[in-house]
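Asks: Structure provided below as structure tokens; questions to follow.
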Ligand code: 5AD
Ligand code: SF4
């Protein structure tokens, strides 16, 4: 019988895609994936280092995995991804039950390491970062039948002062357009309807002088592709050319994630974000001009070192001006090794909590206002899963990335259906499926 592995993933979508790569590597090497940790010969955890909270979770999971090793000492435990580098010392000293430590550029070594670890006593560690590793020509073992994640570039050269990613994932490098198109073609012929292009800094994609807009233009023309999304872009690289390509193709979803981080120019400068408040707002206006009804989301950090109450209010101010459809909101978390961790003027825990609550409250109002604008409209929704609340309802997303709940009628998961939006409550929309004729009448 083949040995089986269990893999748990923390953090961003890049990590989800990386875990699929790792699964692909192990399947090719004759291992079977199990969803039941009790049956695993190999337990892997793909880690995230972006905030302290994410790291804490992994630490507590490691203790939990150790219990399996106690019961069955031949179990191999591997720590993969962004925490590998920083955890190396700690793990070797205080977590002897961890067998393998592999950074984000070393996954190809995993099958060999598992074999070696079965016969050797010493821990196996490789956290070297590579300027070249792109995991091209690999066969990720993808999880859902709807969306296929495709990483198009790796690493980040932006060095925002709060962020650990440039240190954990190394320098920016992009795959060839040909390699990406061939992977996307394969995903479409395997039955995936949606493709999400991924990168830590997706729109700074550049391969042999060809930029993100050219790649997007080519992916959009793949026969049979239904929906294309991408994440996460940086405002600095959001060009008119990218927006024009988005406007040109119906297959590219009308949705942009535009991380603001903070609304005050001094804070933005200390964050090394390279744009100002007014530049950000004019970019939003440009996006909305070129892409009417676009869904806009953002990332916001509250309590960056030195952020005063007045400066924080400018974040609320930008939120009020822009009215994002949704936002991922975070309390600043100091990451050892980053520039901001050395700033002396850290904001108190209480202040961060208070600011977080205020941005969440503002965002809830904005989400509701934005969602209410859709009431009466007919949106094309991709049926993705059953609603958590009722077996008679589906949940699916609009082109602009909003979740809608509606009665199943005789539709199936994977169908693209016209849904008339009836209510907007909280963050969810509710609607009813309409016929094509009804849809034309609403237009
Ligand atoms: N503290 C809080 N949030 C952070 N992010 C990145 N680093 C930190 C940090 N040290 C957030 C940013 C980024 C998102 C992926 O995570 O908002 O856009
Ligand atoms: Fe981190 Fe900034 Fe790079 Fe995003 S752009 S991964 S926030 S350094």
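The values are calculated or read from the model by the stated rules, or taken from the named source; none is laboratory data. Bear in mind that the values here come from a model prediction, so they are computed numbers and not experimental data. Positions of Cβ are generated from backbone atoms using ideal geometry, with glycine treated the same way; all protein chains shown enter the neighbour counts.
Asks: Quick one: in the stretch 264-302, which of the residues that are more than 16 Å from ligand 2 (Cβ to nearest atom) and in a loop (DSSP other than H, G, I, E, B) is nearest to the chain's Cα centre (by Cα)?
Replies: So the residue we want is 294.
Asks: Which condition number in (1) more than 16 Å from ligand 1 (Cβ to nearest atom); (2) closer than 25 Å to residue 231 by Cβ; (3) modelled with pLDDT of 95 or more is the one that residue 388 fails?
Replies: Against the list (1) more than 16 Å from ligand 1 (Cβ to nearest atom); (2) closer than 25 Å to residue 231 by Cβ; (3) modelled with pLDDT of 95 or more, residue 388 comes up short only on (3).
Asks: Can you find a residue that is surrounded by fewer than 20 Cβ atoms within 10 Å (Cβ to Cβ), in a helix (DSSP H, G or I), within 12 Å of ligand 1 (Cβ to nearest atom) and more than 23 Å from the chain's Cα centre (by Cα) anywhere in the stretch 341-356?
Replies: Yes, there is a match, as at least one residue in the stretch 341-356 is surrounded by fewer than 20 Cβ atoms within 10 Å (Cβ to Cβ), in a helix (DSSP H, G or I), within 12 Å of ligand 1 (Cβ to nearest atom) and more than 23 Å from the chain's Cα centre (by Cα).
Asks: Restricting the search to the stretch 1-14, which residues are touching a strand residue (DSSP E or B) at 6+ places or on another chain (Cβ under 6 Å), outside any strand (DSSP E or B) and surrounded by fewer than 20 Cβ atoms within 10 Å (Cβ to Cβ)?
Replies: Hits for the stretch 1-14 are 2, 13.
Asks: Residue check: is residue 367 out of contact with any strand residue (DSSP E or B) (no Cβ under 7 Å at 6 or more places or on another chain) and within 30 Å of residue 270 (Cβ to Cβ)? Steps first, answer last, please.
Replies: Values: out of contact with any strand residue (DSSP E or B) (no Cβ under 7 Å at 6 or more places or on another chain): no; within 30 Å of residue 270 (Cβ to Cβ): yes.
The answer is no for residue 367.
Asks: Moving on to the next point. Could you count how many residues in the stretch 314-340 are surrounded by fewer than 16 Cβ atoms within 10 Å (Cβ to Cβ) and either more than 13 Å from ligand 1 (Cβ to nearest atom) or over 26 Å from the mean Cα position of the chain (by Cα) (or both)?
Replies: So the count comes out to 3.
Asks: While we're looking at this one, here's another question. If you go through the stretch 99-127, how many residues are over 24 Å from residue 14 (Cα atoms) and part of a helix (DSSP H, G or I)?
Replies: The qualifying residues number 5.
Asks: Is it true that residue 209 is out of contact with any strand residue (DSSP E or B) (no Cβ under 6 Å at 6 or more places or on another chain) and without any contact (Cβ under 8 Å) to a residue 12 or more places away in the chain? Break it down into steps so the answer makes sense when it comes.
Replies: Numbers: out of contact with any strand residue (DSSP E or B) (no Cβ under 6 Å at 6 or more places or on another chain): yes; without any contact (Cβ under 8 Å) to a residue 12 or more places away in the chain: yes.
Criteria met by residue 209.
Asks: Considering only residues that are part of a loop (DSSP other than H, G, I, E, B) and at pLDDT 90 or above, look in the stretch 78-97 and name the one that is surrounded by the fewest Cβ atoms within 10 Å (Cβ to Cβ).
Replies: 97
Asks: Related question: Of everything in the stretch 237-263 that's within 16 Å of ligand 1 (Cβ to nearest atom) and part of a loop (DSSP other than H, G, I, E, B), which residue is nearest to residue 295 (Cα to Cα)? Talk me through it step by step, then tell me what you get.
Replies: Filtering the stretch 237-263 for residues within 16 Å of ligand 1 (Cβ to nearest atom) gives 237-238, 256-263.
Now drop any that are not part of a loop (DSSP other than H, G, I, E, B), which leaves 238, 258-260, 262-263.
Numbers: 238: 15, 258: 10, 259: 13, 260: 15, 262: 20, 263: 20 Å.
Selected residue: 258.
Asks: Okay, next question. Quick check on the stretch 145-182: of everything there that is touching a residue at least 40 places away in the same chain (Cβ under 8 Å) and in a helix (DSSP H, G or I), which residue is farthest from ligand 2 (Cβ to nearest atom)?
Replies: Step by step, filter the stretch 145-182, then rank; the result is 181.
Asks: Do we find a residue being surrounded by 15 or more Cβ atoms within 10 Å (Cβ to Cβ), in contact (Cβ under 8 Å) with a residue 24 or more places away in the chain and over 26 Å from the mean Cα position of the chain (by Cα) anywhere in the stretch 380-390?
Replies: no
Asks: Only one of these conditions is not met by residue 59: (1) without any contact (Cβ under 8 Å) to a residue 60 or more places away in the chain; (2) farther than 23 Å from residue 167 by Cα; (3) under 23 Å from the mean Cα position of the chain (by Cα). Which number is it?
Replies: (2)
Asks: Please find, among 320, 307, the residue that is under 14 Å from residue 263 (Cβ atoms), away from ligand 2 (no atom under 16 Å from the Cβ) and not in a helix (DSSP H, G or I). Full working, then the answer.
Replies: Working: 320 fails: not in a helix (DSSP H, G or I).
Exactly one of 320, 307 is under 14 Å from residue 263 (Cβ atoms), away from ligand 2 (no atom under 16 Å from the Cβ) and not in a helix (DSSP H, G or I), namely 307.
Asks: Same structure again: Could you pull out the residue among 161, 239 that is closer than 23 Å to residue 257 by Cβ, touching a strand residue (DSSP E or B) at 6+ places or on another chain (Cβ under 8 Å) and at pLDDT 95 or above?
Replies: Numbers: 161 fails: touching a strand residue (DSSP E or B) at 6+ places or on another chain (Cβ under 8 Å).
Exactly one of 161, 239 is closer than 23 Å to residue 257 by Cβ, touching a strand residue (DSSP E or B) at 6+ places or on another chain (Cβ under 8 Å) and at pLDDT 95 or above, namely 239.
Asks: Hey, can you tell me all the residues within the stretch 256-286 that are under 19 Å from residue 201 (Cα atoms) and surrounded by 22 or more Cβ atoms within 10 Å (Cβ to Cβ)?
Replies: Scanning the stretch 256-286 gives 256, 260, 261, 262, 268, 271, 273, 280, 284.
Asks: Right, here's the next one. Just to be sure I understand, how many residues within the stretch 159-195 are surrounded by fewer than 20 Cβ atoms within 10 Å (Cβ to Cβ) and touching a helix residue (DSSP H, G or I) at 6+ places or on another chain (Cβ under 7 Å)?
Replies: So the count comes out to 5.
Asks: Going by what's in this entry, would residue 35 be described as under 26 Å from the mean Cα position of the chain (by Cα) and surrounded by fewer than 13 Cβ atoms within 10 Å (Cβ to Cβ)?
Replies: Judged against the criteria, residue 35 is a match.
Asks: Kindly indicate the residue of the stretch 38-60 that is under 16 Å from residue 2 (Cα atoms) and surrounded by 13 or more Cβ atoms within 10 Å (Cβ to Cβ) and also farthest from ligand 1 (Cβ to nearest atom) among those meeting that condition.
Replies: Among those that are under 16 Å from residue 2 (Cα atoms) and surrounded by 13 or more Cβ atoms within 10 Å (Cβ to Cβ), it is 41.
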